[in-house]
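Engineer: Got a structure for you, written out below as structure tokens; questions coming shortly.
Laboratory data are not the source of any read-out in this text; all were calculated from the coordinates shown. The structure presented is a predicted model; accordingly, all values stated were derived computationally and were not measured. Cβ sites come from the backbone with ideal geometry, for glycine too, and all protein chains shown count toward neighbours.
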């Protein structure tokens with residue numbers, strides 16, 4: 001079964017129902033709910049998503065949404081090694097992307113799913129957006145809708 005790291009922007013697409021990107025995010029999470037793939041997020045994603053959601057919803061609503069969301073994903077810890085790797089790697093102009101990348105590397109993730117694929121241009125593992133991942137894997141019969 002494929003293990004995917006879902007970047008914060010995809011999580012927010014789903015939970016904030018960002019119109020343009022919601023359908024693909026919803027399909028990914030539906031596949032995970034059916035047990036067709038494993039979705040992971042870094043613990044940082046919970047902090048960042050809570051921050052965004054609490055700006056558009058109440059604090060209480062943001063926590064309820066995240067509590068329900070948590071059952072769909074495996075949370076990857078950020079530790080000293082991942083932090084050091086991200087701090088040392090200047091290829092990532094966005095420190096958060098470095099943390100996401102090294103979380104994926106350290107946890108043997110198969111694919112990183114993000115809308116910011118250009119930020120991971122030197123990745124040693126495949127990086128694609130949700131639409132690309134679904135087109136590739138549904139077309140090849142890896143997953144069914």
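Engineer: From the helices alone, meaning DSSP H stretches of at least four residues, give me the mean residue ellipticity at 222 nm for the chain, per-run term -39500 (n - 2.57), in deg cm²/dmol to the nearest 500.
Structural biologist: Calculated mean residue ellipticity at 222 nm is -16000 deg cm²/dmol.
Engineer: Could you tell me how far the Cα centroid of segment 7-53 sits from the Cα centroid of segment 93-136, in Å?
Structural biologist: Segment 93-136 and segment 7-53 have Cα centres separated by 14 Å.
Engineer: What number results when the radius of gyration of segment 1-83, computed over Cα atoms, is divided by 2.2 N^0.38 Å?
Structural biologist: 1.08
Engineer: While we're looking at this one, here's another question. Using a 10 Å cut-off around each Cβ, can you sort 128, 1 from fewest to most neighbouring Cβ atoms?
Structural biologist: Going from sparsest to densest Cβ surroundings: 1, 128.
Engineer: Taking 37 °C and 0.692 mPa s as the conditions, I'd like the Stokes-Einstein D for the chain in µm²/s, using the Kirkwood hydrodynamic radius from alpha carbon pairs.
Structural biologist: Stokes-Einstein gives a translational diffusion coefficient of 212 µm²/s.
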